[in-house]
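Only one structure is covered here, and it is reproduced in the block below.
The values are calculated or read from the model by the stated rules, or taken from the named source; none is laboratory data. These figures come from a predicted structure and were not determined experimentally. Every residue, glycine among them, receives a Cβ derived from its backbone with ideal geometry; neighbour counts consider all protein chains shown. With ligands, DNA and RNA removed, areas are computed over all heavy atoms of the protein, side chains included. Shrake-Rupley method; radii C 1.70, N 1.55, O 1.52, S 1.80 Å.
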Amino acid sequence: MIRLPYVRPKIRWLSATFVGTGVLFVMGTTAASQQEPDKRALVLDGATLFDGTGAPARTDSRIVVAGETIRCVGDAQSCPMPAGARRERLVGHWILPGLVDAHVHFSQTGWFDGRPDALDFTDELPYEQVQNRQKRDPRRYYDAYLCSGVTAVFDVGGFPWSWDLRAPAEHDPTAPHVAAAGPLVTHAPRADLNLPGEKLMIDLSGEAAGREIVRYLSAFGSDAVKVWFLEVEDTEPGTIDARVLAVGDEAASLDLPLIVHATSLREAKVALRAGASLLVHGVEDVSVDDEFLSLAQANGTIYTPTLIVSGGYLRMFEAVKGVSKPRIDDPNGCMDSETRKLILSSPGHRSHPSVSELERNLDAYRERLADSYERKIANLLRVHRAGIPLAVGTDAGNPGTFHGPSIYAELEAMQAAGIEPPRLLVMATRNGARAMNRDDIGTIEPGKIADLIVVSADPTIDVANLRHLTHVVRAGKLHRFEELKRGE
């Protein structure tokens with residue numbers, strides 16, 4: 001049965017503090033966010049406005065912000081200057097909604113210490129210690145996101161503590177909005193990504209178990225049910241499909257969105273039949289067909305291609321092998337020094353036992369990557385031309401895909417595939433908000449939360465101009481870029 005996508009009428013969060021994860025409510029609040037806010041209205045004057053709705057850009061705009069909210073959008077005549085307002089002149093600049101990264105993982109670091117299933121360095125960097133730091137210090141990623149113009153992120157698979165990131169960040173002008181799906185549901189859990197007392201992946205061992213997992217996620221106020229749906233062996237497709245369909249049915253009964261990782265066409269179509277409202281990866285094994293497009297259109301499904309993440313793995317594999325130097329695409333210096341140091345240390349691990357196995361596998365990986373990338377691009381364009389909405393997600397946290405600045409490379413890859421910049425900007429703002437089930441962010445309209453970015457070059461001509469960030473407004477607070485750039 002095909003179901004219309006669920007639209008959550010309001011944010012509903014339940015704290016997981018009573019199971020020992022509530023420390024993050026304290027951790028997520030900073031001195032900056034506790035400061036007495038400037039209660040004067042903020043007026044942003046003179047920029048060319050791209051509001052994220054799909055409307056053409058407007059020159060010489062005026063935006064009036066009061067508190068956390070956009071109060072007026074227009075020009076100097078239609079939006080009078082409030083008495084005592086702060087005025088920021090932005091002539092020669094472009095203003096647009098804050099970017100949304102609709103696919104991130106706070107449990108992952110951007111290197112292999114967060115993915116020991118890819119390369120196992122746990123003898124040097126114990127996984128439990130890595131996760132302890134991820135849990136207690138997301139601030140370094142918050143800084144990187146805002147410094148890169150990203151004002152909202154969707155963690156589409158993490159430990160239960162990821163739920164507790166949401167409430168402290170929501171009204172914090174120094175953090176992005178956070179949505180979180182919590183632990184992944186999968187028929188192929190990886191034990192090396194779980195901990196003795198916490199699970200990143202929950203075993204989808206049967207239909208009844210799947211329904212029970214959904215009820216658990218709902219009870220903890222999860223923003224979605226995330227199914228990690230790997231390609232199924234020929235001997236078991238009916239069994240696994242039935243489990244996924246049961247998860248979708250239970251999620252629908254509890255008004256919980258179903259989001260699915262499925263990179264193969266067969267599994268993606270099963271996910272759509274189960275009611276998936278968001279596919280967090282593009283199909284890469286074969287070309288999408290008419291049945292897939294019809295199912296996605298009927299569901300109102302959002303498609304997120306995640307083009308760059310596999311290339312990030314390749315670059316990190318090559319770096320630890322010493323084949324090439326580690327490359328960090330961080331034009332504005334937004335990444336924290338410890339992450340940067342870890343990435344740059346990659347060649348020093350080339351003698352590690354786990355790296356030696358890469359020698360015979362790296363060439364084959366390059367060939368598979370090149371082959372699958374062509375199909376991902378072709379499928380992206382076919383999905384786009386069929387009118388299926390696209391959102392922008394990076395899969396940040398995976399090796400070589402960094403929290404914050406990776407949004408630029410993802411957008412530029414989608415542009416290189418043939419999608420026009422104005423449409424990409426809608427995908428990275430309004431559509432990303434919809435992927436998070438938010439209707440109060442993602443566009444610049446009266447009544448919306450004041451999450452805005454300002455750049456000094458025209459992003460409607462080339463999305464690479466988003467790299468030229470000059471200001472970020474988050475929850476109504478204006479940050480000049482110099483205030484966001486890390487002084488490390």
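Within the stretch 377-416, being in a helix (DSSP H, G or I) and open to solvent by 20 Å² or more (accessible area, probe 1.4 Å) holds for Ile377, Ala378, Leu381, Arg382, His384, Arg385, Ala409, Glu412, Gln415, Ala416. Candidates are the residues of the stretch 177-197 that are closer than 16 Å to Thr122 by Cβ and open to solvent by less than 50 Å² (accessible area, probe 1.4 Å); the one that is nearest to the chain's Cα centre (by Cα) is Leu193. When Pro459 is tested against (1) within 19 Å of Tyr145 (Cα to Cα); (2) assigned to a loop (DSSP other than H, G, I, E, B); (3) under 18 Å from the mean Cα position of the chain (by Cα), only condition (3) is not met.
Among the conditions (1) of a type outside the set (A, V, I, L, M, F, W, C); (2) more than 27 Å from Ser162 (Cα to Cα); (3) under 20 Å from the mean Cα position of the chain (by Cα); (4) in a loop (DSSP other than H, G, I, E, B), Asp439 misses just one, which is (2).
Quick one: which of Val65, Val100, Val104 is crowded, with 19+ Cβ neighbours inside 10 Å, of a type in the set (A, V, I, L, M, F, W, C), farther than 30 Å from Ala319 by Cβ and touching a strand residue (DSSP E or B) at 6+ places or on another chain (Cβ under 8 Å)? Spell out the reasoning first.
Working: Val100 fails: farther than 30 Å from Ala319 by Cβ; Val104 fails: farther than 30 Å from Ala319 by Cβ.
Going through Val65, Val100, Val104 in turn, just one is crowded, with 19+ Cβ neighbours inside 10 Å, of a type in the set (A, V, I, L, M, F, W, C), farther than 30 Å from Ala319 by Cβ and touching a strand residue (DSSP E or B) at 6+ places or on another chain (Cβ under 8 Å): Val65.
Would you point out the residue of the stretch 316-344, among those that are hydroxyl-bearing (Ser, Thr, Tyr) and touching a residue at least 12 places away in the same chain (Cβ under 8 Å), that is least open to solvent (accessible area, probe 1.4 Å)?
Residues of the stretch 316-344 that are hydroxyl-bearing (Ser, Thr, Tyr), as a first pass: 324, 337, 339.
Narrowing further to those that are touching a residue at least 12 places away in the same chain (Cβ under 8 Å): 337, 339.
Values: Ser337: 55, Thr339: 16 Å².
Residue satisfying both the conditions and the ranking: Thr339.
The residues of the stretch 274-291 that are open to solvent by 10 Å² or more (accessible area, probe 1.4 Å) and touching a strand residue (DSSP E or B) at 6+ places or on another chain (Cβ under 7 Å), listed by number, are Gly275, Ser277, His281.
Where strands (runs of 3 or more DSSP E) fall entirely within the stretch 54-150, those with at least 1 residues that are within 30 Å of Leu193 (Cβ to Cβ) are at 99-104.
For the stretch 255-312, name all the residues that are in contact with an Asp or Glu (Cβ under 7 Å, 6 or more places away or on another chain) and either in a helix (DSSP H, G or I) or free of Cβ contacts under 8 Å to residues at least 12 places away in the same chain (or both).
So in the stretch 255-312, the residues in contact with an Asp or Glu (Cβ under 7 Å, 6 or more places away or on another chain) come out as 263-265, 267, 269-270, 306-309.
If the condition is that a residue be in contact with an Asp or Glu (Cβ under 7 Å, 6 or more places away or on another chain) and either in a helix (DSSP H, G or I) or free of Cβ contacts under 8 Å to residues at least 12 places away in the same chain (or both), then Leu265, Glu267, Lys269, Val270, Val309 are the ones that fit.
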